[in-house]
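Only the coordinates and a few stated rules stand behind these numbers; no lab work does. Note that this is a predicted model, so its numbers are computed, not measured. Here Cβ is always computed from backbone atoms with ideal geometry, including for glycine, and neighbour counts include all displayed protein chains.
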Amino acid sequence: MRFDGIKNLKMKYKLFISYLAVIIIPLGILGVYSYQQSKQLQIQQANIGLQNSLMEMEDNLNYKLQRYDAAIELIGFNPNLSHIFNDEYMDYYSMYKDLTEIVDPLINTTLFLNDDIKRIIIYTGNNLTERIGSILPISQVEHTFWFQETMGDLRTHWYSDKGRIFGARRIFGNVMYDKKNIIYLELKPEFFSDSLVDKELSGFTILVTDENLNIIYSNDHSSKHLTVNSYRKNKDYILLEKPIGDSDLILHLVASSNSLTIKPWKIIRATIIIEAVSFVGLLLIIWLFSSVFVRRIYRLNNKMKMVEQGVLTMNVTIQSRDEIGELEERFGKMLASINQLIDDDYKNKIIQKEAELKALHSQINPHFLYNSLSVINWKAIQVGAEDISQVAGILSAFYRTTLNKGKDIMSVEDELLNTKSYIEMQLIMHDHNFDVHYHIEDELLDYNMIKLVLQPIVENAIEHGIDQKRDGRGTLIISATQAEDTLLFSVEDNGPGMNRELIDEILVKQSKGYGLYNVQERIRIQYGGDFGIFIESELGKGTKVIVKISKILYISKESHISLNSVR
């Protein structure tokens, strides 16, 4: 079905579709390639920007962590502090004095100078008095996951546990007195969120992990179930990593490939605009080219349609000697042959009709007929037979207008008088059992027309319309109007009507009981194919026959019987 639909398309659209396919394929490939290249360029540019942002964040974090490392070192390498936590006290006063004068000021000063530090606790194995919030026994952290690692070297280690972010460092003593002592520095929970604020990276995921890739901080709470390795394996994400200074922490920046293509949208938009402009330009060129290419075919096709509608006189010009030019040449020759055949056929028909009419006229001696009717009229008057006298007068008027001195052209006034005479005879024959109404415009009476046009139509209306009516009184309406250069006559009855098949039949061929075919042929021979008989009919409601002819002014007019009674 789809193939048949394409096959039935006009040549112009077939050419248009074929050219369209030719440009869409390369433009589509070029567009996809340009988009992919622009996307890669955007990702590369965004990657550079992300690297710069990552370095800035790493520098900021490294700077702060170095400060906190320095704070821990300040405490851990303080000789007085090392002495306090490694030497055993023999009296409480000395211990109290050292703690209040040395330890507490050092811790409080460090907290005061660093807003991000939540608390500092020294876990000790010495026999110091426990101080809530600053000095606790080492036994409380000996079973933690970070204890052994912290005690194993002198570096500061950073950890995250249950939402806590903290650093731990061992306090060393001398060779003789080296107890287990650890400095614990815990940062505030908002440390990373405050330190990693970047408006340009609001849509990206920022992670901080330890050296084992355990996530210490994430700004995306919905992605906490994801691991760094899951981001590495997913091709839809770009993962940038950078160690934070000399610490064990690693800063990660995760970006979606789709999110990176949003910022450089101007490149994609420019590509789309260029594609669109190119497409529209090529579309216009294709449309013009296809229109010009098939214009001559359309012109030839329109001429064929005109011939189909009956227009046979036209000039067929040959513009080129290609295949279309050959078609135009053959069409012109064929049209000339058709015109010659039609002209010969029309002439033969006209000669035949004229011969038939002349033969009919020759069979009727007008003077003999008029004298006979005159004798009948006087005899009827003598014996008082007025109805016979009336019939004789009507017949005399009817045959005088019918014969028209052997001429085929008569005035509209005489044609209507002829028709009225025929109707009056029919009224007498039908005992006046139907009504007749006339609607005649006076301006029509001075025009010419071929004779015996309305009488056969009226005869059909009475015989096949009024006579076939089974109930009610019959009505016959005769009308004559004009419209611009056209005369319109109508004969309407309220008989049983006709179906479409019968209407089509009686106008195109000789039908028994109907004489409309001959009238139709005579009108078209005289006036052309645009004129003739048109029938409107509905079963059970009646029939209206319309006659359309061209206006011909009746110049040389002799005296005729008045149509006042018709009007």
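Classification of the stretch 43-89 by its C-alpha gyration tensor yields a prolate form. The axis ratio a/c (a ≥ b ≥ c) is 1.5 or more, and a/b outweighs b/c.
Peptide packing: for 146-154, 66-74, 229-237, the average count of neighbouring Cβ atoms within 10 Å per residue gives the ranking 66-74, 146-154, 229-237, highest mean first. Past 26 Å, Cα to Cα, is the threshold; run Lys64/Lys118; Lys305/Lys541; Lys333/Lys551 against it and keep the listed order. Exceeds cut-off: Lys305/Lys541; Lys333/Lys551.
Straight-line reach from Lys544: which aspartates and glutamates have Cα under 12 Å away, leaving out those fewer than 8 places along the same chain? Result set, ordered by chain and number: Glu492, Asp493, Glu536.
Sequentially through the stretch 461-468, phi angles give Karplus couplings (6.51, -1.76, 1.60; θ = phi - 60°) of 4, 6, 6, 9, x, 5, 5, 8 Hz, Gly and Pro residues having no value and appearing as x. For the stretch 468-551, GluC sites (Glu not before Pro) are listed when DSSP marks them as loop and at most 13 other Cβ atoms sit within 10 Å of their Cβ; the list is Glu484.
Spin-label model, Gln309/Ile29: points 7 Å from Cα along the beta carbon direction are separated by 4.8 nm.
Here the extension length gained between Thr144 and Glu536 equals 130.2 nm, from 0.36 nm per residue of separation less the Cα-Cα distance. The ranking of Phe77, Phe145, Phe331, Phe166 from fewest to most other beta carbons within 10 Å of each one's beta carbon is Phe145, Phe77, Phe331, Phe166. By other beta-carbon atoms within 10 Å, ranking Ile477, Ile132, Ile272 with the fewest at the front produces Ile132, Ile272, Ile477. Karplus-based coupling profile of the stretch 491-497, in residue order and whole Hz: 10, 10, 10, 10, x, x, x, with θ = phi - 60° in 6.51 cos²θ - 1.76 cosθ + 1.60 and x standing for Gly or Pro.
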